[in-house]
Amino acid sequence: MISDEDVSAGTGAGSRRDVRAEPPQTPVELKVGPIKQSAGGPPAVVSALQYAWQEMGLSRGAIALMRLNQKDGIDCPSCAWPDPDDQRSPAEFCENGARALADEATERRITPRFFAQHSVAELSQQSDHWLNKQGRLTEPLVLPRGADYYQPISWEDAFKLIAIELRRLNTPDEAIFYTSGRTSNEAAFLYQLFVRQFGSNNLPDCSNMCHESTSVALAESIGIGKGTVTLDDFNRADTILLIGQNPGTNHPRMLTALQSAKRNGCTIIAVNPLPETGLMRFKHPQEVSGLLGSGTELTDLFLQIRINGDMALLKGIMKALLELEESRGEVLDREFIDTKTNGFAGFAAALNTVSWDAIVAQSGIARTQIAAAAQIIARAERMITCWAMGLTQHTNAVATIQEIVHLHLLRGQIGRPGAGLCPVRGHSNVQGDRTVGIVERPKAEFLDRLGAEFGFAPPRRKGYNTVDAIKAMHTGAARVFLPWAGISCRPRPIRPTPPPPCSAAA
Ligand code: SF4
């Protein structure tokens with residue numbers, strides 16, 4: 001049984017050892033081969049099943065995969081691509097999904113014996129991939145002060161240790177409570193309630209690093225920080241613009257939606273620094289043509305953008321649309337602009353001051369290609385634009401995403417079937433988490449209702465987002481880091497920051 005004395009005497013709490021967090025040099029044998037001509041197909045099936053059976057075993061793996069993304073089944077713990085509302089295919093998952101599930105449901109286990117054999121110094125030299133492959137933790141572990149080996153600790157003592165460390169803090173804001181989109185809505189709601197009752201809004205989240213810029217940009221432009229389309233809209237769209245996203249790797253089942261859109265006559269424009277295979281051609285592994293044939297060509301117009309040249313390109317496309325409007329009219333949706341937007345005159349005037357030379361130079365795209373894209377967009381009746389980290393992780397991301405909104409407002413391509421904005425998120429429940437309160441700057445209404453419902457006064461100070469949290473841990477302003485990532489236990493147990501000697505344990 002662990003005691004306060006044990007903790008203060010340095011047996012309970014880990015020590016801030018001088019361990020340089022250098023990523024381990026993992027010598028990988030780089031294999032360079034020809035660029036694949038299509039995504040999906042038999043290789044994806046083989047890779048998915050191989051990994052699943054390797055980790056989960058044949059029968060267990062097969063049962064788990066048959067339940068993945070089914071209505072009464074298991075939600076994929078990987079990306080945030082939605083499931084069809086109606087008919088689901090028997091294998092409603094992609095290679096990434098199968099791997100993510102297999103990783104969660106792996107039969108590999110690591111017991112305290114593993115940690116008795118491997119010191120922290122030794123483990124810190126291993127790659128994340130190697131550590132992940134060791135399997136799931138069987139019980140809680142603690143790193144006593146000055147020790148170099150993790151030791152088993154009972155759940156009761158582990159919770160006690162967390163409570164002692166939190167109570168020792170001078171203020172609740174010396175603790176950071178991280179979480180990610182791998183956490184269910186229910187667990188995330190309870191987590192934020194616990195943190196706010198503890199007295200902090202320090203709730204950084206993985207979305208701080210992925211679509212935060214989207215939430216800010218859309219909230220300012222259209223009043224809501226979320227996408228405006230559903231999966232069904234992909235079947236109605238006649239034009240899809242993919243920008244800063246590689247669906248073949250990030251959201252593989254999206255390829256099915258793009259394929260069916262193509263079959264409905266949709267035109268796809270892809271904007272990316274690399275001609276990624278998943279943007280070019282897709283072989284649906286559940287179709288004969290996908291297994292034996294050449295699959296479906298996806299992108300009609302590929303624009304090989306300079307990194308972070310997206311804003312210049314979007315301005316170029318809109319400038320071309322304004323010029324088309326001037327030359328032949330009926331390109332812009334004037335009624336929509338007049339009745340649903342404001343600021344058009346200033347926007348158009350500012351766009352006219354941007355030179356084509358600057359646009360071509362900054363985007364890296366020839367004017368003829370920009371004109372081609374504008375022609376396609378000018379013909380579009382129902383257009384969807386999708387984007388991901390290739391756009392959101394730039395310092396000017398908010399302004400760039402608002403250019404996408406401008407493009408849609410110019411043609412009234414929002415808020416109707418087959419048209420709208422589609423930020424594609426990376427984690428399955430990142431949107432859910434934010435909605436149930438995992439946010440470092442919560443709205444006053446949310447806190448008012450939370451306090452009224454649970455009978456306490458929630459903290460009102462803005463908390464740390466992920467970047468602030470990392471800085472606070474570096475400066476020592478934060479002394480406890482409690483990650484609750486809904487991630488299955490991997491060999492990185494909580495390492496409480498040793499507190500400076502304090503007068504009295506709370
Ligand atoms: S597309 Fe995303 S959510 Fe769907 S199965 Fe693949 S990884 Fe999972």
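The values are calculated or read from the model by the stated rules, or taken from the named source; none is laboratory data. Everything numeric here is computed off the predicted structure, so don't read it as measured data. Positions of Cβ are backbone-derived with ideal geometry, glycine not excepted, and every protein chain shown enters the neighbour counts. Ligands, DNA and RNA are excluded from the accessible area calculation, which covers all protein heavy atoms including side chains. Shrake-Rupley method; radii C 1.70, N 1.55, O 1.52, S 1.80 Å.
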Which condition number in (1) free of Cβ contacts under 8 Å to residues at least 24 places away in the same chain; (2) touching a strand residue (DSSP E or B) at 6+ places or on another chain (Cβ under 8 Å) is the one that SER294 fails? (1)
Anything in region 66-105 that is more than 10 Å from the ligand (Cβ to nearest atom), of a type in the set (A, V, I, L, M) and either more than 20 Å from the chain's Cα centre (by Cα) or surrounded by fewer than 21 Cβ atoms within 10 Å (Cβ to Cβ) (or both)? List them, or say none. MET66, ILE74, ALA105
Please go through region 124-166 and give me each residue that is surrounded by fewer than 19 Cβ atoms within 10 Å (Cβ to Cβ) and closer than 20 Å to ASP103 by Cα, ordered by number. GLN126, SER127, ASP128, HIS129, TRP130, LEU131, ASN132, LYS133, GLN134, ARG136, THR138, GLU139
Report yes if THR214 is of a type in the set (S, T, N, Q), within 16 Å of the ligand (Cβ to nearest atom), more than 19 Å from LYS462 (Cβ to Cβ) and in contact with a Gly (Cβ under 9 Å, 6 or more places away or on another chain), otherwise no. no
Evaluate region 14-26: report whether one residue or more is assigned to a loop (DSSP other than H, G, I, E, B) and at pLDDT 90 or above. no
It is to be established whether one or more residues within region 112-119 are surrounded by fewer than 20 Cβ atoms within 10 Å (Cβ to Cβ), of a type outside the set (D, E, K, R) and within 15 Å of the ligand (Cβ to nearest atom). no
Out of the residues in region 36-65 meeting the condition of being under 22 Å from GLY135 (Cα atoms) and of a type in the set (D, E, K, R), tell me which one is farthest from the ligand (Cβ to nearest atom). ARG60
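So which residues in region 170-188 are open to solvent by 20 Å² or more (accessible area, probe 1.4 Å), in a loop (DSSP other than H, G, I, E, B) and in contact (Cβ under 8 Å) with a residue 40 or more places away in the chain, if there are any at all?
Just the residues of region 170-188 that are open to solvent by 20 Å² or more (accessible area, probe 1.4 Å), to begin with: 170-174, 178, 182, 184-187.
After this cut, where a residue has to be in a loop (DSSP other than H, G, I, E, B) as well, the list is 170-171, 182, 184.
Matches in region 170-188: ASN170, ARG182, SER184.
Results for (1) under 27 Å from HIS406 (Cβ atoms); (2) assigned by TED's automatic domain parsing to the domain that holds VAL360; (3) free of Cβ contacts under 8 Å to residues at least 12 places away in the same chain, shown as yes or no for each residue.
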residue: HIS251; (1), (2), (3): yes, yes, no
residue: GLN259; (1), (2), (3): no, yes, no
residue: ILE268; (1), (2), (3): yes, yes, no
residue: ASN272; (1), (2), (3): yes, yes, no
residue: ARG281; (1), (2), (3): no, yes, no
residue: SER289; (1), (2), (3): no, yes, yes
residue: LEU298; (1), (2), (3): yes, yes, no
residue: GLY309; (1), (2), (3): yes, yes, no
residue: MET318; (1), (2), (3): yes, yes, no
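Quick test for you: out of ALA372, ALA361, ALA378, pick the one residue that is within 20 Å of PHE234 (Cα to Cα) and part of a helix (DSSP H, G or I). Steps first, please.
Working: ALA372 fails: within 20 Å of PHE234 (Cα to Cα); ALA361 fails: within 20 Å of PHE234 (Cα to Cα).
On inspection, the qualifying residue turns out to be ALA378.
Residue-by-condition table, conditions (1) farther than 29 Å from PHE115 by Cβ; (2) touching a helix residue (DSSP H, G or I) at 6+ places or on another chain (Cβ under 8 Å):
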position	(1), (2)
PHE159	no, no
ALA163	no, no
THR179	no, yes
ASN185	yes, yes
PHE194	no, no
ASN201	yes, yes
LEU218	yes, yes
ILE224	yes, yes
THR228	yes, yes
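Looking at this structure, is PHE115 within 22 Å of the chain's Cα centre (by Cα) and on the phi < 0 side of the Ramachandran plot? Talk me through it step by step, then tell me what you get.
Working: within 22 Å of the chain's Cα centre (by Cα): no; on the phi < 0 side of the Ramachandran plot: yes.
Considered against the rule, which asks whether it is within 22 Å of the chain's Cα centre (by Cα) and on the phi < 0 side of the Ramachandran plot, PHE115 comes out as no.
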Residue pairs within 7 Å by beta carbon, gap of at least six or interchain, first lying in region 371-400 and of a type in the set (D, E, K, R), second open to solvent by less than 10 Å² (accessible area, probe 1.4 Å), listed first then second, are ARG382/ALA237; ARG382/GLY418; ARG382/ALA419
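For (1) open to solvent by less than 20 Å² (accessible area, probe 1.4 Å); (2) assigned to a strand (DSSP E or B); (3) at pLDDT below 95; (4) not assigned by TED's automatic domain parsing to the domain that holds ILE438, each residue gets a yes or a no:
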{"site": "SER221", "(1), (2), (3), (4)": "no, no, no, yes"}
{"site": "LYS226", "(1), (2), (3), (4)": "no, no, yes, yes"}
{"site": "VAL229", "(1), (2), (3), (4)": "no, no, no, yes"}
{"site": "LEU242", "(1), (2), (3), (4)": "yes, yes, no, yes"}
{"site": "GLY248", "(1), (2), (3), (4)": "no, no, yes, yes"}
{"site": "LEU255", "(1), (2), (3), (4)": "yes, no, no, yes"}
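Starting from residues that are modelled with pLDDT of 90 or more and part of a helix (DSSP H, G or I), keep the ones in region 409-433 and report whichever is surrounded by the fewest Cβ atoms within 10 Å (Cβ to Cβ).
Of region 409-433, the ones modelled with pLDDT of 90 or more are 409-424, 433.
From what is left, the residues that are part of a helix (DSSP H, G or I) are 409-410, 433.
Numbers: LEU409: 22, LEU410: 25, ASP433: 28.
Ranking the candidates gives LEU409 first.
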Can you tell me which residues in region 231-240 are farther than 23 Å from THR435 by Cβ and in a loop (DSSP other than H, G, I, E, B)? ALA237, ASP238
Could you list all residues from region 120-143 that are within 21 Å of ALA158 (Cβ to Cβ) and not in a strand (DSSP E or B)? VAL120, LEU123, LEU131, GLN134, GLY135, THR138, GLU139, PRO140, LEU143
